[in-house]
Each structure stands twice: as C-alpha cells, then as structure tokens.
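> The structure follows.
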Amino acid sequence: MLTDTIIVASVDSKKKQAALISLPRDIYLRIPSTQKKEKINAAYLIGEEKLPGGGGLELSKRAVEYVAGLFIDHVISVDFEAFKEIMDEFGGVDIYLEKEFSENKQWGTNFYIPAGQQHLDGETALYYTRSRFSSNDFDRARRQQQVLMAIKDKATQLGFLTNPFKINSMLEILKNRVKTDITIFDIIKYSRLMQEIEDNDIKYKVFSTEDGTLIQTYIDGAYVLLPASGNFGEIREISKNIFN
C-alpha cells in the first residue's frame with residue numbers, strides 16, 4: 001500500500017493554465033498529524049492504519065500540502081490494475097518518443113519501445129510509466145506526466161470526461177481499485193476547464209536532485225531525498241509560483 005507515484009495537478013482558471021507537479025516518493029519528512037518520520041509514499045499506509053477506508057487519502061493529502069505548500073482540494077488514488085483497465089477502456093493512448101526506450105533490468109525481459117509515434121495499451125503503458133532501473137525515478141516521473149496528458153487527450157476525444165453516465169459506468173467497473181473524494185460533477189467541471197487550456201499553457205515540473213531542490217542520502221540504510229535548502233521552503237515557493 002505504499003504510494004508509487006505522486007502528481008499534483010494545479011489549475012489557474014483565470015489565466016487558463018494548468019501544471020503537473022511530480023513529488024518523488026522518496027521525499028523524507030515527518031508525516032503530518034504523527035510523530036513518524038517516513039518517506040512521503042508511506043502516508044497513505046499510515047493513514048489507512050489509523051482510519052481505514054479514508055484515512056489514507058486524507059493523510060496523503062496533508063503530506064503533499066506540507067511539502068508543496070499548496071492547498072489540495074481533491075485526491076484520487078488509482079491502483080495498477082485500474083490504470084491498465086482505464087487505458088484499455090479508452091482503447092489505449094498515443095505518445096511520441098523522441099528516442100527509443102528500453103528497460104532490461106526490471107521486468108525479467110527486455111521491454112522496448114522504438115522512437116517515434118507509438119500506441120500504448122494498458123500493460124505497455126504501465127511498464128513504460130513504472131520502469132526506472134535503466135533510468136531513474138525522475139525520468140520515470142516525466143514519462144508519467146507524458147502518459148497522463150495522453151490519457152487526458154484521449155478521454156477528451158471520446159467525450160468521456162463530460163459525460164456523467166460514462167464516468168459513473170467506469171467507476172462502477174473499477175469499484176474499489178479507485179478511491180477519491182471528488183464527485184462526478186467536479187470531474188466534469190475540471191474537465192471542461194481543461195478543454196479551455198491549450199497544450200502550450202500546461203507546465204511540467206519534476207522536483208529532483210537534478211534541479212538542485214533535493215539531495216539524496218541514506219537514513220537507517222534506506223535511500224531518501226531531503227530538501228537541499230534544509231527545509232521545504234524552496235519547493236513550496238516554486239510550486240506556488242508555477243504559473244509565474
């Protein structure tokens with residue numbers, strides 16, 4: 001139940017801009033409302049242990065708010081099987097790779113996607129977005145953002161996100177594999193807003209050791225990421241000013 005991926009979607013309705021902000025799962029902090037110091041991806045598990053059936057979403061939200069300095073309105077949790085089903089329900093998605101991608105260390109086989117325009121089904125997309133042994137978590141986060149936008153484009157193309165019946169049908173199929181505090185009508189509201197935002201008005205940010213906001217170290221033998229400045233002030237400032 002450790003969280004594999006954390007992405008914050010931020011929308012400025014006045015400027016008609018959006019942003020995807022990826023927080024690495026290895027960020028180390030004191031989990032809000034607890035005395036535990038853990039990686040941020042443990043927040044969901046700790047929350048569910050304290051309050052089963054909803055505590056995970058709430059504590060994950062608080063942890064992300066603490067690191068990013070942003071108020072989080074809603075949260076959606078999707079497991080791997082649900083991700084594959086969503087992709088396949090949409091008939092897969094199309095992405096463009098500037099260079100070939102291969103992962104021969106993680107899946108027990110040589111996973112390979114050639115460069116150029118490619119169509120991904122659910123399983124292929126899952127491997128593509130989870131592979132990290134041949135690259136790193138930061139590159140993986142960029143691939144996740146790429147696929148997330150491809151899903152948005154495909155859902156828009158199919159008229160899915162503005163149709164409450166289609167959304168409800170999908171949620172019924174996925175049942176317990178998707179957990180969220182967002183309503184169908186909120187999904188429709190945000191989807192209509194996203195349709196008004198041009199692709200070049202969507203910003204992307206991956207916090208990493210590469211941009212100097214995080215440093216890597218080991219605590220009790222575990223690989224963790226700490227804020228390079230000694231606190232999360234820089235990350236919060238960048239997140240709050242993502243549209244400036």
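Laboratory data are not the source of any read-out in this text; all were calculated from the coordinates shown. Please read all numbers here as calculations on a predicted model, not as lab measurements. Reconstructed Cβ throughout: ideal geometry from the backbone, glycine too, with neighbour counts over all protein chains shown.
> Would you mind getting me the FRET efficiency between D153 and K14? Use the beta-carbon distance for r and R0 = 35 Å, nearest 0.05.
Approximately 0.90, to the nearest 0.05.
> Where is the GNM fluctuation largest for the chain (alpha-carbon springs, 10 angstrom cutoff): T213, T183, T129?
T183
> If you plug each phi of the range 228-242 into the Karplus form 6.51 cos²θ - 1.76 cosθ + 1.60 with θ = phi - 60°, what whole-Hz ³J(HN,Hα) values come out, in order, with x for Gly and Pro?
5, 7, x, 8, 8, x, 5, 5, 5, 5, 5, 5, 5, 10, 4
> Continuing with the same structure: When averaged across all projection directions, what area in nm² does the alpha-carbon convex hull of the range 79-180 cover?
Values: hull surface 27.2 nm².
One quarter of the hull surface, i.e. the mean projection, equals 6.8 nm².
> Before rounding to the nearest 500, sum -39500 (n - 2.57) across all DSSP H runs of length at least 4 in the chain and divide by the residue total; then give [θ] at 222 nm in deg cm²/dmol. Intermediate values should be presented prior to the final figure.
Values: 8 runs with 93 residues, N = 244.
Roughly -11500 deg cm²/dmol at 222 nm, from the helical runs in the chain.
> Among (i) 72, 54, 36; (ii) 46, 41, 39; (iii) 56, 56, 37, which is the computed Cα extents along the principal axes in Å?
(ii)
> In the range 19-120, what chymotrypsin sites (Phe, Trp or Tyr not before Pro) fall in a loop by DSSP, with at most 10 other Cβ atoms inside 10 Å?
On the way: sites: Y28, Y44, Y66, F71, F80, F83, F90, Y96, F101, W107, F111, Y112; in loops: F71, F90, W107.
Counting only loop positions with at most 10 other Cβ atoms within 10 Å, the chymotrypsin sites (Phe, Trp or Tyr not before Pro) in the range 19-120 are F71.
> Here's something else I'd like to know. About its Cα centre, what dipole magnitude does the range 79-180 give when the only charges are +1 on Lys and Arg Cβ and -1 on Asp and Glu Cβ, stated in debye to the nearest 20? Write down the numbers at each step before the final one.
Details: 14 positive and 15 negative charges, 62 e Å.
The calculation lands at about 300 debye.
> Quickly rank 189-198, 135-144 as a protection proxy: mean count of other C-beta atoms within 10 Å, highest first.
Details: 189-198: 14.1, 135-144: 17.9.
For the peptides 189-198, 135-144, the packing ranking is 135-144, 189-198.
> Through the Karplus equation 6.51 cos²θ - 1.76 cosθ + 1.60, θ set to phi - 60°, convert the phi angles of the range 163-176 into ³J(HN,Hα) values in whole Hz; use x for Gly and Pro.
10, x, 5, 5, 5, 5, 5, 5, 5, 5, 5, 7, 6, 6
> Also: If amide H atoms are built 1.01 Å from N in the plane of the peptide, which residues on other chains or at least 5 residues away come under 5 Å of the amide H of L70?
Sorted by chain and number, the residues that satisfy this come to none at all.
> Dipole of the chain, Cα-centred, from +1 at each Lys and Arg C-beta and -1 at each Asp and Glu C-beta, to the nearest 20 debye?
Values: 31 positive and 35 negative charges, 108 e Å.
In debye, rounded to 20, the chain gives about 520.
> Could you tell me how far the Cα centroid of the range 95-120 sits from the Cα centroid of the range 140-202, in Å?
Cα centroid of the range 140-202 versus Cα centroid of the range 95-120: 25 Å apart.
> So which aspartates and glutamates can K175 reach, going by Cα to Cα under 12 Å and dropping same-chain residues fewer than 8 places off?
Candidates past the 8-residue exclusion: D79, E81, E85.
> Simple spin-label model, 7 Å along Cα-to-Cβ: I215 to R142 in nm?
Those two pseudo-labels are separated by 2.4 nm.
> Continuing with this model, one more query. In terms of modelled amide H atoms, which long-range or inter-chain residues lie less than 5 Å from the amide H of Y204?
So Y204 has HN proximity to L20.
> Which residue, K166, K39, K179, tops the fluctuation ranking in a GNM of the chain built on C-alpha contacts under 10 Å?
K166
> Here's something else I'd like to know. Work out, step by step, the length gained on full extension between E123 and A222: first 0.36 nm times the residue separation, then minus their alpha carbon distance; give nm to one decimal. Don't jump to the answer; show the numbers that get you there.
On the way: separation 99, 0.36 × 99 = 35.64 nm, distance 2.96 nm.
Length gained, E123 through A222: 32.7 nm.
> Over 21 Å between Cα atoms: which of K154/K240; K84/K152; K14/K240 fall into that group?
K154/K240
> Using the charge dipole of the chain (Lys, Arg: +1 at Cβ; Asp, Glu: -1 at Cβ; taken about the Cα centre), state which of P24, F138, H74 has its Cα farthest towards the positive end.
Farthest towards the positive end: H74.
> In terms of modelled amide H atoms, which long-range or inter-chain residues lie less than 5 Å from the amide H of D181?
V75
> Can you tell me the length gained on complete extension of the stretch M1 to D73, counting 0.36 nm per residue apart and subtracting the Cα distance?
Numbers: separation 72, 0.36 × 72 = 25.92 nm, distance 2.23 nm.
Working it through step by step, the gained length comes to 23.7 nm.
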